[in-house]
Amino acid sequence: ALSGSRDTTLRMFDVETGSCVFVFEGHTASVNACAWSVAESNGRLILSGSADKTLRVWDSQTGGCEQVLRGHQKAVVCAEWSEAEGGCCW
């Protein structure tokens, strides 16, 4: 399971045990949206959107931020992968 929070983090949980297995840090404001990639990355990549006006692409295995996407003038409130032919578009 994956969640975003007003504490500026994303958290990945083990649904069987209920324990937090990873905390993703990097946003500077509330995380309003998050989504797993299901294309070529086999669910390895995570997308998050924040009130800090950015989207971030994360590696779910390392916790590292792969890319910061900028351009919004206001908070990001929705984020979803585009599963294009040949892989993800980001």
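Just so it is clear, none of the values below were taken in a lab; they were calculated from the coordinates. These numbers come from a predicted model, not from an experiment.
Debye-formula intensities of the chain, expressed as log10 I(q)/I(0) at q = 0.17, 0.25, 0.26 Å⁻¹, are -0.66, -1.30, -1.37 (one equal scatterer per alpha-carbon, no solvent). I need the shape label for the stretch 5-49. Rule: rounded when a/c is under 1.5, else prolate if a/b > b/c, else oblate, with a, b, c from the alpha carbon gyration tensor. In terms of gyration-tensor shape, oblate.
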